[in-house]
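Inspection log for the structure reproduced underneath, given as structure tokens.
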């Protein structure tokens with residue numbers, strides 16, 4: 001593309017600002033960061049109702065596309081909120097729960113994902129009980 005633009009520029013005698021155009025289209029911001037809280041032995045009362053504070057919660061910060069080992073025991077609830085926005089132009093962000101202690105997808109390490117309510121700082125995943133008959137061992141934030 002740059003070669004074609006350079007040739008056209010030489011033939012027409014006019015400058016075509018292709019490189020600056022490509023830089024201008026590059027997405028700004030990000031990566032998304034979320035604060036994730038695990039509530040052991042808690043059943044969500046509804047998809048939009050966040051759990052009340054409990055002294056037994058575990059809380060961590062998770063950066064987009066970074067796998068975090070986090071034990072989510074069977075029967076636990078999870079809530080999360082974005083503390084940093086993703087790159088501009090992103091349609092949505094999800095928190096993915098993996099069965100094993102890694103984020104490599106395989107037959108033995110399936111995952112299930114849940115969407116945040118938006119992409120701005122403060123967007124929430126109020127309360128989910130991760131599906132599946134097993135505890136979860138890792139989480140990851142993905143935005144696209």
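The values are calculated or read from the model by the stated rules, or taken from the named source; none is laboratory data. None of the values given here were measured: they were computed from a predicted structure. Backbone-built Cβ (ideal geometry, glycine too); neighbour counts: all protein chains shown.
Any residue that is at pLDDT 80 or above, within 14 Å of the chain's Cα centre (by Cα), over 15 Å from residue 142 (Cβ atoms) and surrounded by 14 or more Cβ atoms within 10 Å (Cβ to Cβ) - is there at least one of those in region 47-59? Give the derivation first.
Going residue by residue through region 47-59, those that are at pLDDT 80 or above are 48-51, 57-59.
Now drop any that are not within 14 Å of the chain's Cα centre (by Cα), which leaves none.
Looking for residues that are at pLDDT 80 or above, within 14 Å of the chain's Cα centre (by Cα), over 15 Å from residue 142 (Cβ atoms) and surrounded by 14 or more Cβ atoms within 10 Å (Cβ to Cβ), one finds none in region 47-59, hence no.
Residues are listed down the side, and each one gets a yes or a no for (1) in contact (Cβ under 8 Å) with a residue 40 or more places away in the chain; (2) assigned to a strand (DSSP E or B); (3) touching a strand residue (DSSP E or B) at 6+ places or on another chain (Cβ under 9 Å):
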site	(1), (2), (3)
46	yes, no, yes
51	yes, no, yes
61	no, yes, yes
71	yes, yes, yes
97	yes, yes, yes
100	no, no, yes
108	no, no, no
131	no, no, yes
134	yes, no, no
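Residues being on the phi < 0 side of the Ramachandran plot and surrounded by fewer than 17 Cβ atoms within 10 Å (Cβ to Cβ): count how many of those fall in region 28-45.
Count: 6.
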Of everything in region 114-124, what is without any contact (Cβ under 8 Å) to a residue 60 or more places away in the chain and surrounded by 15 or more Cβ atoms within 10 Å (Cβ to Cβ)? Give them in sequence order. 114, 117, 123
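For region 79-92, state whether one or more residues are in contact with a strand residue (DSSP E or B) (Cβ under 7 Å, 6 or more places away or on another chain), part of a strand (DSSP E or B), under 12 Å from residue 36 (Cβ atoms) and touching a residue at least 60 places away in the same chain (Cβ under 8 Å).
no
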Within the bounds of region 26-43, is there any residue that is modelled with pLDDT under 65 and over 18 Å from residue 123 (Cα atoms)? yes
